[in-house]
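Colleague: Input: one structure, supplied below.
The values are calculated or read from the model by the stated rules, or taken from the named source; none is laboratory data. Computed from a prediction, not measured in an experiment: that's the story for all the values here. FYI the Cβ positions are ideal-geometry reconstructions off the backbone, even for glycines, and counts take in every protein chain you see. Side chains are part of the model used for accessible areas, which takes the heavy atoms of the whole protein and leaves out ligands, DNA and RNA. Shrake-Rupley method; radii C 1.70, N 1.55, O 1.52, S 1.80 Å.
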Amino acid sequence: MLDKGLTPKVMLDMYYHMALARAVDDRMWILNRQGRAPVVYTSNGHEAAQVGSAFALNRGEDWICPYYRDLALVLAYGMTAREVMLHLLGRAEDPNSGGRQMPAHWGHAERHILTSGSVVATQDAHAAGLALASKVLKDGRVSVAYFGEGSTSQGEFHEALNFAAVHKLPVIFFNENNGYAISVPSRKQMAVQDVAARASGYGMPGIIVDGNDPIKVYEVVKEAADRARRGEGPTLVEAKTYRFVPHSSDDDDRAYRSREEVAEAKKRDPLVMFEAYLRDQKILNDKKLKEMQQQIKDVVNDATDYAEKAALPDPSTLADYVYSS
Amino acid sequence: MAVLSYLEAIRETLRQELAHDSRIIIYGEDVGVRGGVFRVTEGLQKEFGEDRVIDSPLAEAAIVGTAIGAAINGLRPVPEIQFADFIFPAINQIVQEAARIRYRSNGTFGVPMVIRAPFGGGVHGALYHSQSVEAFFAHVPGLKVVVPGTPYDAKGLLASAIEDEDPVLYFEHKAAYRSLKGEVPDDRYLIPIGQADLKRQGKHLSIITYGLMVSYALKAAEELEKDGVSVEVLDLRTVRPLDVSAILQTAKKTGKVLIVHEDNLTGGVGGEISALISEHALFYLDAPIMRLAGPDVPAMPYSPPLEHAFMVTPEKIRDKARELAKF
Ligand SMILES: Cc1ncc(C[n+]2csc(CCOP(=O)(O)OP(=O)(O)O)c2C)c(N)n1
Ligand SMILES: [Mg+2]
């Protein structure tokens, strides 16, 4: 039985954000290939995992600690397409960083999207710390760290999970396992089959979920969040998914995986599968889909135009915000 | 006003601050039940509860990383690193995260947190319980680095550090913990971070230093006074940001500058101070700027003769100052 939060309206909204993320992503690659955006990091293929998890949270109140892969996540968490494009193009108005960080280094204080750096796994401890404050202040918030399976080889991943489990913190560790860390396959990353298997070493549940199914992801994260709010501690969730395009616009994935493998994975494209599901449930039809696609096209065009016209940062601001005053 | 040791001054400040602001939490290895390996946090868990004085797992990156998160979500964490020597597993979180979170978020996030750590040698701590690590962090924009040299300063600077909106490293010299005593007011007071303090007025030469070396420099100055050499002692109190105007003022006044620190010479804070003086006060100088610092060996050895050979002592300061006075 479906979670009662998942009304047809909510599921359509999920689909909208997945499709919007794919469209924004496609546009970013075009801008890159045209020489208008220096670098692109993608969420292409990860949309169900990201959007499904976002919808299971109290968006804007619970904290998310994203990594560079999480375009669909931040869109589902309230960041606008304009804000994404302002960030991509390093504009002054970019709410993530005012043009200071390279693309996909998300952060939005008002929306409770934690600022992120490039060093993988640092955000795992931040999520535990946000949750430590929630426990002390009893603010009812849950924090979620997002990370790739490659980053679970880092010591800070281990330290964060251990710390969170010992102190029973209201935090979720959400792994997006796409099988690769740039070119390195997960079998060269770890000697266990599943990231989730590591949870038992920390004394927390480790849940594997089909990361291409937003409803299943939603349900698992909802349960983990409920558990956290009940004071029962952290959960490690492993969403199995796949990245359909290269790691970034500077990568060429033909060097490390076959076209057959990618084609096979695309048969389980989360966007295609969710569309089929919604049609089957009579939640989506041709007419609605067309309307939505038009809307997305308009949003992406508007965001691109807006960001391209927006002002670049003033060099005189270079030394601003090193300290609070 | 009571006479307190350097350690007691720090403990009393932590107690006062915990009572003053309910957002403050303290955590680290052994800080709870045991009150820390040096007893700095003794009694605090009993008084303020396990939610606010927390024994954490033995994991420095997690201690600092979680403190960053806790600070962003509304607390004022004061994590302790058990020995400054063990801060390096957390350097990634300090330098790449805490120091630049305000900058990289264009001022929309901040990390109000104080990392306390005992540092320094002369206590038979050998290579891994003696290091001075301040220069690594003094290099990093976004951090503040405080090294108090007296019980009075320890209190006012710690209270300021905890009130500060930015990450502060607060280094406490282990040999100062019980050897330094002084009058400390009972009431809460703040000493601004980034303000040096002239600990002794003098005419012939200036010693610029910080931390435990302040008391050593004052001892040396007293001895030199007997020989008719009048020594000024400037206590930096903060090594980032440096109090540039106080540095230049004393250099211009006496025209002779000796910089002293226990941290090793090359790349130490002394190099920066020397550069500032040569850039801005060259023609006031009557002698080359001199530095007395720990030697360029990886860290302090254990066996007493080796340890002593490493340490900067009041006698070594006196001799070096005499050499400068004669120049
Ligand atoms: C500490 C650190 N080392 C190296 C890198 C360079 N790097 C960036 S992404 C990446 C691969 C990460 O793979 P994974 O964690 O599986 O995430 P995915 O990109 O697959 O989502 C590497 C090696 C980095 N950002 N941080
Ligand atoms: Mg991966």
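Colleague: Given Cα positions, please report Rg to Rh for the stretch B:64-119, the hydrodynamic radius being the Kirkwood one.
Modeller: 0.98
Colleague: So how strong a dipole does chain B carry about its Cα centre when Lys and Arg Cβ are +1 and Asp and Glu Cβ are -1, to the nearest 20 debye?
Modeller: Once rounded to the nearest 20, the dipole reads 560 debye.
Colleague: Rounded to the nearest 0.05, what FRET efficiency is calculated for B:GLU50 and B:LEU127 with R0 set to 25 Å and r the Cβ-Cβ distance?
Modeller: 0.15
Colleague: Across 5 Å bins from the origin, how do the percents of Cα pairs in the stretch B:226-279 run, short distances first?
Modeller: Calculated P(r), rounded to whole percents: 4, 17, 31, 25, 14, 6, 3, 0.
Colleague: Identify the residues of the stretch B:166-185 with backbone N under 17 Å of a label point that sits 7 angstrom from the Cα of B:GLU315 along the Cα-to-Cβ direction, or state none.
Modeller: In the stretch B:166-185, the label zone of B:GLU315 (backbone N under 17 Å from the point 7 Å along Cα→Cβ) covers no residue.
Colleague: Hull surface divided by four, with the convex hull built on the Cα atoms of the stretch B:197-326: how many nm²?
Modeller: Result: a mean projected hull area of 7.5 nm².
Colleague: While we're here: In the P(r) worked out for the protein assembly as shown, what percent of Cα pairs fall beyond 48 Å?
Modeller: Tail of the P(r) past 48 Å holds 24 percent of the pairs.
Colleague: Quick one: Cα convex hull volume of the stretch B:2-184, Å³ per residue?
Modeller: 102 Å³
Colleague: Would you work out the charge dipole size for chain A about its Cα centre, treating the Cβ of every Lys and Arg as +1 and the Cβ of every Asp and Glu as -1, and quote it to the nearest 20 debye?
Modeller: Roughly 500 debye for chain A.
Colleague: Just to verify a number: FRET efficiency for A:LYS267 and A:VAL119, C-beta to C-beta distance, R0 = 35 Å, to 0.05?
Modeller: 0.50
Colleague: From largest accessible area down, sort A:ARG229, B:ARG39; use a 1.4 Å probe on the protein chains.
Modeller: Result, largest first: A:ARG229, B:ARG39.
Colleague: Something else now. Report the residues of the stretch B:196-234 in range of a label on B:ARG322: point 7 Å along Cα→C-beta, backbone N strictly under 12 Å from it.
Modeller: Taking a point 7 Å out along Cα→Cβ of B:ARG322, the residues of the stretch B:196-234 whose backbone N falls under 12 Å are B:223-229.
Colleague: Specify whether the C-alpha gyration tensor of the stretch B:123-210 places it in the rounded, prolate or oblate class, a ≥ b ≥ c being the square roots of the eigenvalues: rounded for a/c under 1.5, otherwise prolate if a/b is larger than b/c and oblate if not.
Modeller: In terms of gyration-tensor shape, rounded.
Colleague: Please express the Cα-Cα pair-distance distribution P(r) of the stretch B:143-267 as a list of whole percents, one per 10 Å bin, running from 0 to the bin with the greatest distance.
Modeller: Percent of pairs per bin, in order: 13, 43, 34, 9, 0.
Colleague: Over the stretch A:224-325, consider all pairs of different Cα atoms and compute the Kirkwood hydrodynamic radius from their mean reciprocal separation; express it in Å, one decimal. Don't skip to the end; give the middle numbers.
Modeller: Values: mean 1/r = 0.0512 Å⁻¹.
The answer is 19.5 Å.
Colleague: Further question: Counting DSSP beta bridges in the protein assembly as shown, what percent are antiparallel, to the nearest 5?
Modeller: Around 20 percent of the beta bridges assigned by DSSP in the protein assembly as shown are antiparallel ones.
Colleague: So what's the net charge close to B:HIS204: Lys and Arg +1, Asp and Glu -1, counting the other residues with Cβ under 13 Å from its Cβ?
Modeller: Values: positive: B:ARG200, B:LYS203, B:LYS253, B:LYS256, B:ARG322, B:LYS326; negative: B:GLU225, B:ASP227, B:GLU232, B:ASP286, B:GLU323.
Here the charged neighbours net out to +1.
Colleague: When the Cα centres of the stretch B:143-179 and the stretch A:5-83 are compared, how far apart do they sit, in Å?
Modeller: Rounded to whole Å, the Cα centres lie 44 Å apart.
Colleague: Sticking with this one: Under the rule a/c < 1.5 gives rounded, and otherwise a/b versus b/c splits prolate from oblate, where does chain A land using the Cα gyration tensor? Before the final figure, lay out each step's value.
Modeller: Numbers: a/c = 1.32, a/b = 1.11, b/c = 1.19.
The shape class here is rounded.
Colleague: What's the tally of Lys pairs in the stretch B:128-223 whose alpha-carbon atoms lie under 18 angstrom apart, where the two lysines are 8 or more places apart or on different chains?
Modeller: Lysine pairs meeting both conditions in the stretch B:128-223 amount to 8.
Colleague: Same structure again: Which value, in Å to one decimal place, does the Kirkwood hydrodynamic radius take for the stretch A:34-144 when every pair of different Cα atoms is included?
Modeller: 14.3 Å
Colleague: Another one. How many angstrom lie between the C-alpha centres of the stretch B:1-28 and the stretch A:194-255?
Modeller: When both Cα centres are located, 42 Å separates them.
Colleague: Take the alpha carbon gyration tensor of the stretch A:161-238, find the square roots of its eigenvalues, order them as a ≥ b ≥ c, and report rounded if a/c is under 1.5; if not, report prolate when a/b exceeds b/c, else oblate.
Modeller: Taking the square roots of the gyration eigenvalues as a ≥ b ≥ c, the stretch A:161-238 is oblate.
Colleague: A follow-up question, please. Ranked by accessible surface with a 1.4 Å probe, highest first, in what order do A:ARG33, B:ARG102 come?
Modeller: A:ARG33, B:ARG102
Colleague: Report, in cubic angstrom per residue, the convex hull volume of the C-alpha atoms of the stretch A:109-218.
Modeller: 116 Å³
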